[in-house]
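Only one structure is covered here, and it is reproduced in the block below.
We did not get these values from a lab; they are worked out from the coordinates using the rules stated. On a predicted model such as this, the values are computed, not experimentally measured, just so you know. Because the Cβ atoms are built from the backbone with ideal geometry, glycine has one as well, and the counts that use them run over all protein chains shown.
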């Protein structure tokens with residue numbers, strides 16, 4: 001028979017593993033201010049790196065993925081330059097009914113906010129999706145974005161159905177490995193179902209909002 005002490009150790013270890021993987025369905029961090037899972041996604045219009053205006057309303061009826069982006073963040077670099085994990089994810093969910101938008105909510109002068117750096121890295125990393133500039137941080141704050149890369153999935157009815165890490169690897173330090181949270185959420189949204197995991201702990205650099 002297992003001793004009481006041994007049972008306690010095994011229980012604590014199991015709970016720690018669940019929290020680390022972020023699969024408890026809620027973030028281990030304090031809930032962010034801004035839009036929550038299950039709520040209507042806030043509308044927005046932002047300018048992309050070519051000066052074009054892109055609005056969430058442009059994609060009504062589609063599943064929309066929002067990626068908070070900072071090309072100066074080592075965690076973002078790990079997903080795009082240290083590996084092909086983010087681009088591989090985009091390729092797997094690619095569909096006429098799925099849209100991916102990157103949002104940089106960094107304030108002018110902050111790490112990774114320079115538009116020219118964003119253009120340079122988008123080209124070097126082969127990013128085809130729009131990179132939108134949210135220099136005043138209003139959109140990021142409306143969504144409660146805390147980290148880069150942090151990802152939000154919006155279903156075709158405009159409801160926020162997932163927020164958090166791209167995959168389990170984003171939590172354990174191996175981008176692209178483990179459970180593919182965003183891919184699962186997109187598939188569920190396309191099928192008209194809620195994801196089995198609606199929120200995970202975002203890991204990365206803090207979003208560089210204006211002071």
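Numerical summary
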read-out	value
Matching residues, the range 81-137, being part of a strand (DSSP E or B), touching a residue at least 60 places away in the same chain (Cβ under 8 Å) and more than 14 Å from residue 47 (Cβ to Cβ)	98
Filter result for the condition that a residue is within 14 Å of residue 66 (Cβ to Cβ) and more than 16 Å from the chain's Cα centre (by Cα), over 158, 126, 112, 140	158
Test for residue 78: is it within 25 Å of residue 168 (Cα to Cα) and free of Cβ contacts under 8 Å to residues at least 12 places away in the same chain	no
Where residue 46 falls short, out of the listed (1) closer than 25 Å to residue 189 by Cβ; (2) not in a strand (DSSP E or B)	(2)
